[in-house]
Structure formats: C-alpha cells, structure tokens
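Colleague: Here it is, the structure, as structure tokens.
The values are calculated or read from the model by the stated rules, or taken from the named source; none is laboratory data. Since the structure is predicted, the reported quantities are computational estimates derived from the model, not experimental observations. Virtual Cβ from ideal backbone geometry, glycine too; neighbours counted across all protein chains shown.
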Amino acid sequence: MVVLTFSIPFTTLAQPNWVVHQAKADAEVDANKDVNKLIWFGTGCVLSGLVLVSIPLLPGIYTSCLLPPAGIAGTYFYQPDPPVSRFLGKEPEYVSIYTSTYKSRRGRIQSDMSSIGCATGCGILGLTLAVVGFALGEFQEPLE
C-alpha cells in the first residue's frame, strides 16, 4: 500500500517530462530534414554580392556593408510553421513545445547555412577582385 501511495506522484511527474523530450527530439529531427541547406547556402552567396550594391544613406556614406548582415538576420526570422499533419493525435503540450523548437531550430539552420554561404561568397568575391586587380595592374608599384 505504501509503495502504491508514493509511486503515483512520481509517475505523473515523469510523464510530462517525457513529452517535452520527445517533442524536442522530434522537432529537431524534422527541422533538419525539412530545411533545404543548399538553397540557404546559395542565399548566403547571393547576399555576399550585395556588398557591391551602393545605396547612399547620406552624402558620402553608403550602406552596402549593412545589407549582408541584415539579410542573414532575415534568414533566421523566416520560420514557417511545421505541417499540421504532424500533430494528429498529439497532446497540446507536445504541439506547443514541438512548434517552438521546430521554428527555433529551423531558423538556426537557415542562418548558419546562409552565413557559411555569405563567407564563401565574400571569399570568392575578394579572390576575384584581387585576381582582376593584379591582371589590370592595379596592385603593381608605379615606375618612377
């Protein structure tokens, strides 16, 4: 009788904890599966080219260096909802935790891939500008 009396509260405490862990694990697996990493890498590469766009903010001040970080921040904040079909027969707590974890994980993957793409694009752009500069003789010392 004593064992039954004291085991019931622990059983009820263990159940919600299992739901939380299961929802988080399912959300992370699904977010990894749903994000097209190649598209977000390409988005980052395109964002790196925005450095060449000159947008005058004030006379003599250009904001082109602010465009790639703003674009990468935008890739994080674009977090679509997961498909509703994944929630059939699930508890409301599971749905809530799954949705928040899914969106957060998806945003993090998207921003990570676009950051890697942006860094790669900036490297390629810098290398291209250096090669063109040397080819045109921009970096050679002038003869006196």
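Colleague: Could we say that residue 24 is surrounded by 15 or more Cβ atoms within 10 Å (Cβ to Cβ), basic (Lys, Arg) and modelled with pLDDT of 90 or more here? Steps first, please.
Modeller: Details: surrounded by 15 or more Cβ atoms within 10 Å (Cβ to Cβ): yes; basic (Lys, Arg): yes; modelled with pLDDT of 90 or more: yes.
For residue 24, the condition - surrounded by 15 or more Cβ atoms within 10 Å (Cβ to Cβ), basic (Lys, Arg) and modelled with pLDDT of 90 or more - is met.
Colleague: While we're looking at this one, here's another question. Of the residues that make up the range 76-89, is at least one part of a helix (DSSP H, G or I), modelled with pLDDT under 90 and under 30 Å from residue 126 (Cβ atoms)?
Modeller: yes
Colleague: Any residue at all in the range 101-120 that is out of contact with any Ser or Thr (no Cβ under 9 Å at 6 or more places or on another chain) and over 22 Å from residue 34 (Cβ atoms)?
Modeller: No; the residues of the range 101-120 include none that is out of contact with any Ser or Thr (no Cβ under 9 Å at 6 or more places or on another chain) and over 22 Å from residue 34 (Cβ atoms).
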